[in-house]
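Just so it is clear, none of the values below were taken in a lab; they were calculated from the coordinates. Values in this document were obtained by computation on a predicted structure and should not be read as measured data. In this analysis, Cβ positions are derived from the backbone assuming ideal geometry, glycine residues included, and neighbour counts consider all displayed protein chains.
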Amino acid sequence: MALTDFVLPFLHRLDPERAHWLTVRALASGLGPRMLADPDPCLTSQVFGLTFPSPIGLAAGFDKDAEAVRACLALGFGFVEIGTVTPRAQAGNPKPRLFRLTQDRAVINRMGFNNAGAERAENRLANARMRPLSGPVGVNIGKNKDSDDAAADYAACTTRLAPYADYLTINVSSPNTPGLRALQSPDQLRVLVTAVKDAAAAIGAVPPILIKIAPDLEEADLRAIALVAQDPDVAGLIISNTTITRPDTLRDPQKGQIGGLSGAPLFERSTEVLRRVYALTEGNVPLIGVGGVASAEDAYAKIRAGASLIQLYSALVYTGPGLVGRITQALPDLLRADGFTMLSQAVGADSRD
Ligand SMILES: Cc1cc2nc3c(=O)[nH]c(=O)nc-3n(C[C@H](O)[C@H](O)[C@H](O)COP(=O)(O)O)c2cc1C
């Protein structure tokens, strides 16, 4: 049975983590659907020196261990971000740690960087890259929970994974690793960026380096990060990770679970932060918009707010993989309706109105 939207009711009867595990297994075994039509050429863009056939990417956390890179691209994603990968394998937090908030079209997770470690990811990426891939593959890196030298951890991941990464994401925004988000301070960020750049340069493979930030930052933090983002060693920002806040609108009984909230209730806040950072950086820093995207209209709103690229994850839980093709097909009409012939013309359009 192919993994299509029809499988969703079955998956929703399972524990969320088991459903996710089965989905990744199915994809890794070649049971995923394939989007047949190529994206409209108006969606092609060049961002931080890479060519993206479509701006719609798979966010980090879905394929943490690079088990199904090709199958995820075949779903119609223009790019895929694997990870978060830490230097050593770690189990993550005790289960249950993943919760569906069905009434809110949201997810809460406190996975805690469960992953098989950098060596396994390296082997799998090397394997996936034996043949050309249809879009860029980013590698999202983090630190082990029990490590007290964050810079050394990010550098260790870089040494192993930079040769297989079209871009690297320094993840300092997961709420589920104690102390991680404190690394979003400008001084700490500069230390991490330098550590990653130096580790990559030492092996002669310096991919674009991105920083992924939380949606819970205050204006002063955003100003500081906007300055760091203009450092020539930083290629762009990913805005945003999950939120530790709980909007008043939440109705699902699971809303009190500890962890990061994603999906529809994150859309507004993550888009607001994106818009603010686009303004603070005067459109000079490429931004990836992520948080609550569940339709072509959502994706387009983030593009107009300043995103050059989009990522999504939680909406797949509620809508299934057919969503990727539907967004990719509908986006060109939204662009044309506003008089744009290329995606890049729409980036940040709201701030020019
Ligand atoms: C189950 C789950 C696991 C995640 N794991 C990671 C992770 O390991 N690293 C990371 O940077 N983001 C992780 N994220 C955050 C997503 O990449 C994304 O930033 C967030 O979910 C907002 O997008 P969405 O509303 O489309 O899901 C995870 C999200 C979910 C739901």
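At a glance:
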item	result
Selected residue [part of a helix (DSSP H, G or I) and of a type outside the set (D, E, K, R)] from 140, 127, 144	127
Sole residue being out of contact with any strand residue (DSSP E or B) (no Cβ under 9 Å at 6 or more places or on another chain) and either free of Cβ contacts under 8 Å to residues at least 60 places away in the same chain or not in a helix (DSSP H, G or I) (or both), chosen from 162, 199	199
Selection count where residues are in contact with a Phe, Trp or Tyr (Cβ under 8 Å, 6 or more places away or on another chain) and closer than 25 Å to residue 20 by Cα, scope the range 321-353	1
Filtered residue count, the range 291-300, keeping only those that are away from the ligand (no atom under 13 Å from the Cβ) and either under 16 Å from the mean Cα position of the chain (by Cα) or buried (at least 22 other Cβ atoms within 10 Å of the Cβ) (or both)	1
Which numbered condition residue 207 fails, given (1) touching a strand residue (DSSP E or B) at 6+ places or on another chain (Cβ under 6 Å); (2) within 16 Å of the ligand (Cβ to nearest atom)	(2)
Counted residues, the range 312-353 - those being away from the ligand (no atom under 14 Å from the Cβ), within 22 Å of the chain's Cα centre (by Cα) and under 26 Å from residue 281 (Cα atoms)	6
Complete set of residues in the range 311-325 that are in a helix (DSSP H, G or I) and closer than 17 Å to residue 267 by Cβ	314, 315, 316, 317, 318, 319, 323
Test result for residue 116, within 30 Å of residue 43 (Cα to Cα) and either more than 19 Å from the chain's Cα centre (by Cα) or among the small types (Gly, Ala, Ser) (or both)	no
Unique residue being under 16 Å from the mean Cα position of the chain (by Cα), in contact (Cβ under 8 Å) with a residue 40 or more places away in the chain and either surrounded by fewer than 19 Cβ atoms within 10 Å (Cβ to Cβ) or assigned to a loop (DSSP other than H, G, I, E, B) (or both) when the list is 95, 64	64
Residue count, the range 99-124 (criterion: of a type in the set (A, V, I, L, M), in contact with a Gly (Cβ under 6 Å, 6 or more places away or on another chain) and either in a helix (DSSP H, G or I) or closer than 15 Å to residue 83 by Cα (or both))	1
Some residue of the range 243-262 being in a loop (DSSP other than H, G, I, E, B) and more than 24 Å from residue 111 (Cβ to Cβ)	yes
Any hit, the range 177-195, residues being touching a strand residue (DSSP E or B) at 6+ places or on another chain (Cβ under 6 Å) and acidic (Asp, Glu)	no
Count of the range 266-283 residues which are of a type outside the set (Gly, Ala, Ser) and within 9 Å of the ligand (Cβ to nearest atom)	2
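The rows are residues; the columns are (1) more than 16 Å from the ligand (Cβ to nearest atom); (2) under 23 Å from residue 335 (Cβ atoms); (3) without any contact (Cβ under 8 Å) to a residue 60 or more places away in the chain.
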site	(1), (2), (3)
17	no, no, no
30	yes, no, yes
59	no, yes, no
79	no, yes, no
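Residues checked against (1) within 12 Å of the ligand (Cβ to nearest atom); (2) within 21 Å of residue 26 (Cβ to Cβ); (3) in contact with a helix residue (DSSP H, G or I) (Cβ under 8 Å, 6 or more places away or on another chain):
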{"residue": "41", "(1), (2), (3)": "no, no, no"}
{"residue": "71", "(1), (2), (3)": "no, yes, yes"}
{"residue": "74", "(1), (2), (3)": "no, yes, no"}
{"residue": "113", "(1), (2), (3)": "yes, no, no"}
